[in-house]
Amino acid sequence: MHESSPVFTQLDDRPMAHCATLSALPDGTLLCAWFGGAYETSPDVAILAAWRPPGADRWSDPVVIADVPGCSMGQPVFLPRPDGELWLFFDVIMERDWTSAVPHWQRSRDGGLTWEPPARLLDRPGLMFRSKPLVLDGRIILPVYDERTWQSCMMLSDDGGQTWRLTAPMVTPSGNIHPCVVQLSDGHLLAYLRTGGAGGVIWRAESADGGETWSMPTPTDIPNPNSGIDLIRLASGRLMLAFNDSDRLRTPLCVALADEDEQWRWKRTIEDSLAEYSYPTLLQTGEAIHLVYTARREHIHYARLDEAWLLEGKVSGELAYQGRHRPAADTV
């Protein structure tokens, strides 16, 4: 691990902070966003952000980048565009809780310093964001889930975001949310899903047609305490997972590596205190791997890692955890 430090300390006027996301600007600046306010679903909750330029040893002071007065907000996700625009997706609670949240978006042309006003993306209460989009051959694949049914699906756009459509839902016995999607070397898409219920394991599904249809989800043996995860494919081709290594608690927070066989042979612990360390987001730039996550619901924490450090965490004698081989071609 190269370093670990808070993005910011707890804010007096917004003591709760949660659900960070991360993007890299063209000049290498890191941009982190999260939602903050008095408490989750409080009417004062807005989307805040901080920047960290290349070579800097600290983040900028947090600023509000999206706000709908009188409404609570959450679940920010960035999408950098080829023309230099930066898109931000997020949810706005229209009534009391996340089941009434409506997906919104806004655009920036100056690296997130200024933004167009928020606009409703779809009139679909309960449709939520969490994980980074994947862009393949012009198709935008935006992972989403339904807070009302606890089923994951994908929002797809083949016209640069002018129109969107939803895939069929992915259904599991206890429900699932927060799909994280990567493309494998054979072109298949792999999604890992947060479990529903009191505690359990991460679920997985695959797509062989660019995200249009998905295999029936199957369980891995990787524990999940009904909390956020993130999955990315590194430049080396290995898969990297950030997760809570528990089926009940949002601690410890760990990262793991696997080849595409999903045999998780390497594991490292980032946080193991008896407190909440949750909702990790991963990003690779060059050889650096960046991680942001919720720390005690008080602030967002940042860690900078590299693959060599992760490979030193090889589990002796056996696998840390095992995914599942590609299931039958049944789709949902």
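The values are calculated or read from the model by the stated rules, or taken from the named source; none is laboratory data. These numbers were taken from a predicted model, which means no experiment stands behind them. Here the Cβ is made from the backbone with ideal geometry for all residues, glycine too, and neighbour counts use every protein chain on show. Areas reflect the complete protein model, heavy atoms only, side chains present, ligands, DNA and RNA absent. Shrake-Rupley method; radii C 1.70, N 1.55, O 1.52, S 1.80 Å.
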>> Regarding the stretch 103-121, can at least one residue be identified that is farther than 29 Å from residue 50 by Cβ, within 20 Å of the chain's Cα centre (by Cα) and surrounded by fewer than 23 Cβ atoms within 10 Å (Cβ to Cβ)?
In response: no
> Hey, residue 214 hits all of (1) open to solvent by 50 Å² or more (accessible area, probe 1.4 Å); (2) touching a residue at least 60 places away in the same chain (Cβ under 8 Å); (3) of a type in the set (Phe, Trp, Tyr) but one; which does it fall short on?
Replying inline: (1)
> What's the number of the condition residue 198 fails, among (1) at pLDDT 95 or above; (2) open to solvent by 60 Å² or more (accessible area, probe 1.4 Å)?
Replying inline: (1)
> How many residues are crowded, with 16+ Cβ neighbours inside 10 Å and assigned to a strand (DSSP E or B) if we restrict to the stretch 305-317?
Replying inline: 1
> Has the stretch 13-24 got any residue that is touching a residue at least 12 places away in the same chain (Cβ under 8 Å), out of contact with any Ser or Thr (no Cβ under 8 Å at 6 or more places or on another chain) and buried (at least 22 other Cβ atoms within 10 Å of the Cβ)?
Replying inline: yes
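Inspect the stretch 291-303 for any residue being assigned to a loop (DSSP other than H, G, I, E, B) and open to solvent by less than 50 Å² (accessible area, probe 1.4 Å) and give the result as yes or no.
no
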> Looking only at the stretch 137-183, which residues are open to solvent by 10 Å² or more (accessible area, probe 1.4 Å), at pLDDT 95 or above and under 23 Å from residue 236 (Cβ atoms)?
Replying inline: 181, 183
